[in-house]
Amino acid sequence: AKARGRNGYRFYAPSMSGDGALRLRLESLLRRSIEKNEIRLAFQPQVEIDSKRLIGVEALVRWHNAELGEVPPARLIPVAEDTGFINQLGNWVLVEACRQMVRWEQEGLYVPKIAVNLSVRQFERGCIAALVADVLRETGLEPRRLQLEVTESVIMHTSDALALVNDLHAIGVGLAIDDFGTGYSSLAYLKQLPVETLKIDRSFIKDIAADADDEAIVVAITQLGKSMNLSVIAEGVENEEQAAFLLRHGCNRAQGYLYGRPVPAAELLKQWRQMADE
Ligand code: C2E
Ligand code: CA
Ligand code: CA
Ligand code: CA
């Protein structure tokens, strides 16, 4: 365990991030990660603050490799994007997330919605709507129960984003703008896009009760969402004080450690079926 920890440290040290040999090792291990069953999904609850009802979950990728240990998505996604492996990984995540929704239902837990992250490489391939439609058909999940999350920069960096988003909207899946407020989004663009949800970035939530600027930003995004008829959800809600602030300012949806960490599917079932029984 110690050796693995040391490897982990060596690998994650920022000064080593440009290390060619380590990078190649990661790439080659990652390429085989799916077939070797090393990739899993974790699911984090999204709740309505006042009722504490489960309104959805976000699917988050997890990679455990014998040699590297647990590799966080912030490390593996950029590598997957650079090598093109992200398309294979992204498909796996999409299929697995949709399948899981059907499984939970068979096990007695109805999760209203699942949110799946899309990277820019998946988005800019242009055939994303056709691919998503195939997955929905194969898994039997209703389109409105799938929400795709993209960041502002994904939209701004994709030349035909409007057409792609319209295609997704046409097959009935929802779109969420992830980490909202951190990128350079054009409000004019937002107006044209059939967006369902704005996710207020965690960085604005962290100090809402103490920082007047963060407070103003959160209030502004909530207002913007309201006036544009979008649902707004706050990310990274860790304590009751933040939740109370959000509720007071008209944001009744949250995701964060206060309501649950990302957990394996079986764990989410256990936690939320219990709640439903209480
Ligand atoms: P994200 O989409 O913004 O996901 C939310 C991240 O915040 C997750 O980190 C989650 O564990 C973390 N988080 C949730 N609640 C709290 C909280 O209350 N406090 C704090 N401090 N953190 C919280 P994670 O799982 O490490 O994922 C990091 C990023 O990696 C994600 O950020 C997303 O951009 C990317 N990612 C994860 N899974 C996928 C995937 O399947 N596909 C793609 N393309 N990207 C993914
Ligand atoms: Ca996300
Ligand atoms: Ca986010
Ligand atoms: Ca974030």
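Taking 29 Å as the straight-line reach from the Cα of residue 226, the lysines in range (excluding those fewer than 8 positions away in the same chain) are 52, 113, 191, 199, 206. Net length available on complete extension from residue 107 to residue 261 is 53.3 nm, with 0.36 nm assigned per residue and the Cα-Cα distance removed. Roll a 1.4 angstrom probe over the protein heavy atoms and tell me the percent of accessible area of the range 40-131 that is carbon or sulfur. Answer for the range 40-131 is 51 percent, counting heavy atoms of protein chains only.
In sequence order, the range 112-121 has phi-based couplings of x, 8, 10, 9, 10, 7, 10, 8, 4, 5 Hz under the Karplus curve 6.51 cos²θ - 1.76 cosθ + 1.60, θ = phi - 60°, and Gly or Pro positions carry x.
Applying the Karplus relation 6.51 cos²θ - 1.76 cosθ + 1.60 with θ = phi - 60° to the range 169-186 yields 3J(HN,Hα) values of 4, 5, 8, x, 8, x, 10, 10, 8, 7, 6, 4, x, 9, x, 9, 9, 8 Hz, where x marks Gly and Pro.
Farthest toward the positive end of the dipole of the chain, out of 119, 246, 147, is the Cα of 119, where the dipole comes from beta carbon charges about the Cα centre. If you plug the beta carbon distance of residue 273 and residue 125 into 1/(1 + (r/R0)^6) with R0 = 41 Å, you get a FRET efficiency near 0.60. For residue 36, a cut-off of 24 angstrom between C-alpha atoms picks up these lysines, skipping any fewer than 8 places away in its own chain: 2. Computed over protein heavy atoms with a 1.4 Å probe, the accessible surface of the range 111-268 works out to 45 Å² per residue.
Close amide H contacts of residue 263 (hydrogens built in the peptide plane, cut-off under 5 Å, sequence separation of 5 or more or a different chain): 43, 44.
In the chain, taking the dipole from charged Cβ atoms about the Cα centre, the farthest positive-side position among 22, 94, 174 is held by 22.
The dipole here belongs to the chain: it is taken about the Cα centre, uses +1 on the Cβ of Lys and Arg and -1 on the Cβ of Asp and Glu, and is about 820 debye. Report summary: the helix-based calculation at 222 nm, which adds -39500 (n - 2.57) for every DSSP H run with n ≥ 4 and divides by the residues of the chain, gives -14500 deg cm²/dmol.
Multiplying the residue separation of residue 189 and residue 224 by 0.36 nm and subtracting their alpha-carbon distance yields 11.2 nm. Here the label points at residue 207 and residue 52, each 7 Å from Cα along the C-beta direction, are separated by 3.1 nm in the simple model. Around the Cα centre of the range 130-259, unit charges on the Cβ atoms of Lys, Arg, Asp and Glu (plus for the first two, minus for the last two) sum to a dipole of about 480 debye. The phi torsions of the range 94-105, fed into the Karplus equation with coefficients 6.51, -1.76 and 1.60 and a -60° offset, translate into couplings of 4, 5, 5, 5, 5, 4, 5, 4, 5, 4, 4, 5 Hz, rounded to whole numbers, with Gly and Pro shown as x.
The solvent-accessible area of residue 134, taken with every protein chain present and a 1.4 Å probe, is close to 70 Å². How much net charge surrounds residue 97 when only other residues with a Cβ under 12 Å from its Cβ are counted (Lys, Arg +1; Asp, Glu -1)? Here the count lands on +2. Taking only the Cα atoms of the range 145-185, the radius of gyration and Dmax are 10.3, 29 Å.
Close amide H contacts of residue 151 (hydrogens built in the peptide plane, cut-off under 5 Å, sequence separation of 5 or more or a different chain): 178. Grab the beta carbon distance between residue 239 and residue 79, set R0 = 51 Å, and tell me the FRET efficiency rounded to 0.05. In this case the efficiency is close to 0.90. For the range 179-278, which whole-number percentage of the solvent-accessible area (1.4 Å probe, protein heavy atoms only) is attributable to carbon and sulfur atoms? Carbon and sulfur atoms account for 50 percent of the accessible area of the range 179-278. Cα centroids of the range 172-196 and the range 33-101: 22 Å apart. Computed over the chain, the alpha-carbon pair-distance distribution with 10 angstrom bins reads 6, 27, 34, 26, 7, 0, each value a whole percent. A straight chain from residue 34 to residue 163 at 0.36 nm per residue would run longer than the Cα-Cα distance by 43.3 nm. Only Cα pairs under 8 Å and 6+ residues apart enter the sum, and on that basis the relative contact order of the range 132-250 stands at 21 percent. Across q = 0.10, 0.12 Å⁻¹, the range 144-244 modelled as identical point scatterers on its alpha-carbon atoms has Debye log10 I(q)/I(0) values of -0.28, -0.40, in the order of the q list. With the highest mean first, a sort of the peptides 82-94, 113-125, 155-167, 183-195 on other beta-carbon atoms found within 10 angstrom per residue produces 113-125, 82-94, 155-167, 183-195.
The values are calculated or read from the model by the stated rules, or taken from the named source; none is laboratory data. In this text the structure is predicted, and so the values were computed from the model without any measurement. In this analysis, Cβ positions are derived from the backbone assuming ideal geometry, glycine residues included, and neighbour counts consider all displayed protein chains. Each accessible area value is taken on the protein alone, full model and side chains, heavy atoms only, with ligands, DNA and RNA left out. Shrake-Rupley method; radii C 1.70, N 1.55, O 1.52, S 1.80 Å.
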